[in-house]
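Please treat every number below as a calculation from the coordinates, not as lab data. What you are looking at is a predicted structure, and each value in this text was computed from that prediction instead of being measured. Backbone-built Cβ (ideal geometry, glycine too); neighbour counts: all protein chains shown.
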Amino acid sequence: MNKSSEFYKARYENKFRELLTKDAIQSRIEELGTQITQDYADKDPILIGVLNGCFIFFSDLVRQVELDLEIDFIKLSSYGDAKISSGKVTVLKDINADLKDRHVLIVEDIVDTGLSIRYLRNKLLQFNPASLKFVSLLYKENNADLDFDIDYVGFNIPNEFVVGYGLDYKQILRNLPAVYVME
């Protein structure tokens, strides 16, 4: 554990249980980067990160992709300060890039209910991309209500509230180096 982890562990007593280690996360990101590099070898993809949660995963992932690529970001809100989604998606920062005829990869930290990713899919298909695929570090497959696949999944996880590695609780705990279940 790093100093940040020790700080939060002391502050929140025994309210964390490590779900995914830093090493396991990094190893899986290398695998995802290799797969994306192979799948997009003859394309110049644009990777769009969904803020704020994706920023650590996104940064680590793009460094593992050995291609010329463009990046952009979109910021959505469906949780506010709650542990449960409000059921409504709001765009707080929109994409600046032209997506027409582009190979687009949406990068998420977690697909939980599927609300945000469904919203994004419907929104971005209107721009007529050449392809639209999804990357998520974490996927609550048994909780998500989707009628399409998440193309690149880091880890399938149980339906528990997780923090760390970019994931937050009331905008804190993002700086934990691994993924933890918050009891």
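Of the beta bridges in the chain, as assigned by DSSP with both residues counted there, near 35 percent are antiparallel. Compute the signed sum of charges (Lys and Arg +1, Asp and Glu -1) over the other residues within less than 12 Å, Cβ to Cβ, of TYR119. With Lys, Arg at +1 and Asp, Glu at -1, the net is +3. Overall size of the range 122-171 from C-alpha positions, given as principal axis extents largest first: 35, 25, 17 Å. Under conditions of 20 °C and 1.002 mPa s, the range 70-183 yields 144 µm² s⁻¹ as its translational diffusion coefficient, taking Rh as the Kirkwood radius over Cα pairs in the Stokes-Einstein equation.
Quick check on the chain: helices-only [θ] at 222 nm, where DSSP H runs of length 4 and up contribute -39,500 (n - 2.57) each and the sum goes over total residues. Nearest 500, please.
Working: 4 runs with 46 residues, N = 183.
Helix contribution divided over all residues of the chain: -7500 deg cm²/dmol.
Overall, the range 54-139 carries a charge dipole of about 400 debye about its Cα centre when +1 sits on the Cβ of Lys and Arg and -1 on the Cβ of Asp and Glu, all other atoms neutral.
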